[in-house]
1. Work out the length of the dipole vector of the chain about its Cα centre, built from +1 on the beta-carbon of each Lys and Arg and -1 on the beta-carbon of each Asp and Glu, and round it to the nearest 20 debye.
2. In debye, nearest 20: dipole of the range 375-463 around its Cα centre with unit charges on the Cβ of K, R (+) and D, E (-)?
3. Picking from Ile133, Tyr22, Ser352, whose Cα lies most toward the positive end of the charge dipole for the chain (charges on Cβ: Lys, Arg +1; Asp, Glu -1)?
4. Normalise the Cα radius of gyration of the range 504-557 by 2.2 N^0.38 Å (N = residues in it) and let me know the number.
5. Whole number please: convex hull volume per residue, Cα atoms of the range 75-229, in Å³.
6. Pop the C-beta distance of Ala679 and Val616 into the FRET formula with R0 = 51 Å and round what comes out to the nearest 0.05.
7. Give me the distance between the Cα centres of the range 424-496 and the range 151-195, rounded to whole Å.
8. In Å, what Kirkwood hydrodynamic radius results for the range 386-483 from the alpha-carbon pair distances?
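The values are calculated or read from the model by the stated rules, or taken from the named source; none is laboratory data. Keep in mind it's a predicted model, so treat the numbers as computed, not measured. Cβ placement follows ideal geometry from the backbone for every residue including glycine, while neighbour counts extend to all protein chains displayed. Calculation scope for accessible area: heavy atoms of the full protein, side chains included, ligands and nucleic acids excluded. Shrake-Rupley method; radii C 1.70, N 1.55, O 1.52, S 1.80 Å.
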Amino acid sequence: MEIKWQDTIEEVKKHVVRLRYYLPFSWDGEEVHTAAGTGFLVEGGYILTNKHIVGSGGFRGRCTFWDKKEADVFPIYRDPEHDFGILRVCPKFAESHDLTGLQLKPEEARVGVEICVIGNDYDSELSISKGVISRLDKNSNSSYPNTNMIQAAAGAKSGSSGSPVVTLDGHVVGLMASGYLLANINYFVPLDRIAHILHTILTGNVVRRGTLQTQWLIKSFEECRRLGLESSSKKAIQSAFPDEVSMLIAEKVLKDGPASGHLEAGDILLRINGKPIVQFSALNELMDNHIGDELDILFSRNGKEMSCSIKVQDFADISPTRVFCFGGWSFHELPYIKALEYGVPVKGVLFSGGCGTVKLSSGDPLILSVDDEETPDLDTFIRVIRSKRADQHRAQVKYRSLTNLHLEKTEIAMIDRQWKAMSIGERNDNTGLWQFEKISDFLPAEPQSRSVATMAIRKNPSIPEAITRLQAGLVQVETYIPTCFSDNDEGWKDGFGMVVDDKKGYVLVSRDTVPHNRCHVTLIVGASLKINATVRYIHPLLNCILLQYDAALVDGSVRAIKFSGAPVTQGEKAYFLRMEKGAKSYIEETVVVLTETTQASFRSMNIDIVEVNTNVTKNGLLASADGSVKANWIIYPESNDGLMTVQLLPILDRIRMGDFSNLQVIDVQFETLELAKAADLGVSRDWIARVGAEDPDHPHLFQVSKVNAGYTGPLEDGDILLTLNGNIVTRAVQLDVQFFGPSHDARIVRKGKELTQKVSTSRTDDIETSQILYTCGLYVHRPPYSKRQTGSEIFSEVYISYWNLGSPAALYGLNKLVSVTKVNGESTLTLEAFCNALMKIEDGVFFKIEGFSKGKEPKIATIQKDELYHPTIMMFKDSTSPTGWGALTLPEYMEKYGSGQAELEIRPSPDSTM
């Protein structure tokens, strides 16, 4: 940088701020996220930045000044058409600091002027890019229409949006907005309208913007001539503006807008109210000064001068400031800019985004109707949704994507008041905040009626009938997950389940499909009947969950699948049945090519697996000719290996007898050990021979590969298991005796010596999560069992498993997978202690969190509490709730249950240490 710029830069940088912010809810198709940008102080202590930073939806931001001081900022103005917005610094901070602003000098923007962009490329603290203004008449796109962008080859990059573009005198001549990085070109917003609006705000007046719902573009005289501009009209313009070489041409005229039926695309603007208009600055001034007035417009169309009168509309009439949230999604009225982008009328309800019970395709869906009731505006849409008097009602939603308006689509939306409350949010531009109001309480679901499930059984003369009938025992499973935790995103999952008891309605399904019991589960029987199901039992180690549906509601040919009690053998011939959505089935004869014992990848548990000579195995069953299933690819759907069903039988037999008691587990992990290596590790030749004779098809033993965190039993890493309760163990299914009984006799080899140990088991009552605390965008609960399996230590019973991307947690870098040990220096090794610490922290206050991430890596972060957009909520198991879960704000929960409730008692593992 040249020496002549040094004084300017030293002065200007004191007024430039780095902005870091998050968007707490979806708006205008933009999902929640965190980002960074730039702004700068202007007159009155306000901060000028871009509209694409401030947005029109929720905004939480903080600015950092050149001297590292920080302050909260709040949007008080978002321009409805151009790419700028204005932030107000927290009044308390502003009162005690000098917030002198830079001078805006729009008239100094000229071609050939040297400029500097002083901002924060890539969220750096300060970056400086120098260039020369090369154009003043670059057309903007439809996202920010009706302005002439200033162009320069300055080389500013991402993160510098909102930076001041200054001259050598330190005057601001433009607002950095965008660029074309490959060509090193940047585009700046001119300041004429910005200066006017800032003056309006400073004088205490209300900013009003006017529009004809028309996009204009700058076009050269030559192009205007080709469009039919008469030479006399051109001469009149040149007489009024001798230096001008271009005019304004209508690019888009929105249907049903003020100019609809008057102006058309291609019309060349000549005069408004008798005044020649060739620049956006003059056009915008006229629009803003004549809201509600009729304007006399003279224009050229196809070589003829024509005139019309058009009433100027207030932008406030087409700028939505409300959002309706239900089922995890956001809806609001179609904004003008979005309508202009696609050239459609400014009306209708836009599906903005989110993650919830409505499954609409991408492409900016515009809602047409709900259950055949038209929803032309947000109020009607809210009324129709609220009129659905029962939860879990499946409403037909018709919509068109703005990207493909010719195609009308229909999806089913589940009306949900149980998992997520319906609410309406409204923007307050005085405070820069949104206020949300809950508008609907829980309503019970309508009882389901008995229906016929049509099973489309595809028969093949070459396939045994018993194999064909297996199709009647498979159902599709759809799962709605309303909350992120335990390594599972919220949203939808689908898969298949096996009916294991058609009289009691038991269905066995993978935890890949139904990860836990905080879900809404729907079964699709025979591709014709949808029926709700609940989680009845969760296996603590195997990757499966038992669902139950009301069998009395299914009138059809559902048949329970029979599991074989015999293991699969290598070379065995069998039949493979694979299912796909829509009840499509594929059956073929196959051969078992491999059987072995391995460790499951999803959950650390030894399983007996099968490989078959079949290309596609997902959602498949392997069965003998009599129809008895010997292996399945449903419990581990993403694996090429099938699980031998003999390993499921002991649990299913207990469940069929009504025994749902929790299992016991030996809290270690085993891996298979080849006999040759076992001999090298000290197993006697006598034992090697006995094992080989006991199971020639599986000549191996099991060795302890890892002792789970918290385990206090006698087994150690490296122990080789010979027998359990006197039986030689060579298959995973033989380890399942651990599930039944408080202890077992084990014969092991440790460091070459044979030992007999009484191996105790651990209860699995509290393996599954029963409480989830949501605060500041964090999902906090006790460490999941998988954490105990993968870690060597449990540092705390307070574990962050997920974060919300549009939250303080994401903004300040407090990642998921963190074990929290302290809050503000106070020990928080239990969830109770963590809750008590949070109760002491007021909204908007920063607090310190300490802990460990990714094993033993220390983690320290400060985070700002946000009770407006991310209120602290305790979600807890509640048998009185229809969902099985309750939810209260933390103060409500503490007041209702206090710290003495069993639900809040968190038992730390024996080795919880700092």
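1. Roughly 940 debye for the chain.
2. Here the range 375-463 has a charge dipole of around 620 debye.
3. It is Ser352.
4. 1.13
5. Hull volume over Cα atoms, normalised by residue count, gives 149 Å³.
6. Given R0 = 51 Å and the Cβ-Cβ separation, E is 0.80.
7. Here the answer is 49 Å between Cα centres.
8. 18.6 Å
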